[in-house]
Amino acid sequence: SDEELAAKKKGLDTFYRLFERIRRVTGTDPYAGGPGLDPAAPNGKSESTNAFAKECLEHQNRFIEAMDDDFNTGGATGVMFDLATTINRFIDAEKLESGGDAGAKQTAMQAVQTLRALGAILGLFEKRPAAPASAGDTLVDELMQVLIAVRAEARKAKQFALADIIRDRLTALDIKLEDRPDGTTWRKGA
């Protein structure tokens, strides 16, 4: 049904947004490949980064257990969502979008590469989606940047009612604004 298809797309978008986020954080394209987490690697990083890596490896083991359990793809997919949540929480906790430790960024990218490798087992994430989740054509992108700039100026001038109208009207068009430390981004589909 259309509802099931929309739910599946929304689920995939969760991963694509994470991949875009890690690209912003590290400046590296997650589709370029790279090593995943290595359980045998030396733990020369911070305590929180080591705990994060350990938690991600536990998710990886749960994924393998689910697949070993009569190819339980539903369980394996659930573990992938858990791993994505863990990665996003780590990026937030370590404030990686506004700086952060290089070792933590590297470990976050390795966790994303581990997630991509697990997804590849199910035929997912082998290549980037055909179109970015937040863009259409160049004109739409440029118009959205104008609206985002007007909204930012309204907020700066403490004209919160105008800023809210812009957000609400975009929401009615199924466009979601995401305010981040490095600026506001947008994507189609709330």
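The values are calculated or read from the model by the stated rules, or taken from the named source; none is laboratory data. Not measured: the values here are computed from a predicted model. Cβ placement follows ideal geometry from the backbone for every residue including glycine, while neighbour counts extend to all protein chains displayed.
Checking the conditions here, which among Thr85, Thr114, Thr184, Thr171 is in contact (Cβ under 8 Å) with a residue 24 or more places away in the chain and either surrounded by fewer than 18 Cβ atoms within 10 Å (Cβ to Cβ) or part of a loop (DSSP other than H, G, I, E, B) (or both)? Write out each step before concluding.
On the way: Thr85 fails: in contact (Cβ under 8 Å) with a residue 24 or more places away in the chain; Thr114 fails: either surrounded by fewer than 18 Cβ atoms within 10 Å (Cβ to Cβ) or part of a loop (DSSP other than H, G, I, E, B) (or both); Thr171 fails: in contact (Cβ under 8 Å) with a residue 24 or more places away in the chain.
Exactly one of Thr85, Thr114, Thr184, Thr171 is in contact (Cβ under 8 Å) with a residue 24 or more places away in the chain and either surrounded by fewer than 18 Cβ atoms within 10 Å (Cβ to Cβ) or part of a loop (DSSP other than H, G, I, E, B) (or both), namely Thr184.
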message = For segment 32-47, give me each residue that is within 20 Å of the chain's Cα centre (by Cα) and exposed (fewer than 14 other Cβ atoms within 10 Å of the Cβ).
response = Ala32, Gly33, Pro35
note = Ala157 fails exactly one of (1) more than 20 Å from Tyr31 (Cα to Cα); (2) at pLDDT 90 or above; (3) in the same structural domain as Glu47 (by TED's automatic domain parsing), namely (3)
key: Close pairs from segment 1-27: first farther than 20 Å from Gly119 by Cα, partner outside any helix (DSSP H, G or I), Cβ under 9 Å, at least 6 apart   = Arg24/Arg180; Arg24/Asp182; Arg24/Thr185; Val25/Gly100
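Is it the case that segment 31-53 has a residue that's among the aromatic types (Phe, Trp, Tyr) and either modelled with pLDDT under 90 or under 25 Å from Lys176 (Cα atoms) (or both)?
Checking segment 31-53: at least one residue is among the aromatic types (Phe, Trp, Tyr) and either modelled with pLDDT under 90 or under 25 Å from Lys176 (Cα atoms) (or both).
Quick check: is even one residue across segment 172-180 in contact with a Gly (Cβ under 9 Å, 6 or more places away or on another chain) and at positive phi?
Step one: list which residues in segment 172-180 are in contact with a Gly (Cβ under 9 Å, 6 or more places away or on another chain), which gives 174-176.
Now drop any that are not at positive phi, which leaves 174.
The answer is yes, given that some residue of segment 172-180 is in contact with a Gly (Cβ under 9 Å, 6 or more places away or on another chain) and at positive phi.
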note = Scanning segment 117-142 for residues that are at pLDDT 85 or above and in a helix (DSSP H, G or I) gives Ala117, Leu118, Gly119, Ala120, Ile121
ask   = When you look at Leu12, is it crowded, with 16+ Cβ neighbours inside 10 Å, over 24 Å from Pro181 (Cα atoms) and under 18 Å from the mean Cα position of the chain (by Cα), yes or no?
value = no
request  = Go through (1) in a helix (DSSP H, G or I); (2) in the same structural domain as Tyr31 (by TED's automatic domain parsing) one by one and return the number of the condition Gly100 breaks.
outcome  = (1)
query = On the given criteria, is Thr28 part of a helix (DSSP H, G or I), of a type in the set (Val, Ile, Thr), farther than 16 Å from Glu94 by Cα and touching a helix residue (DSSP H, G or I) at 6+ places or on another chain (Cβ under 8 Å)?
reply = no
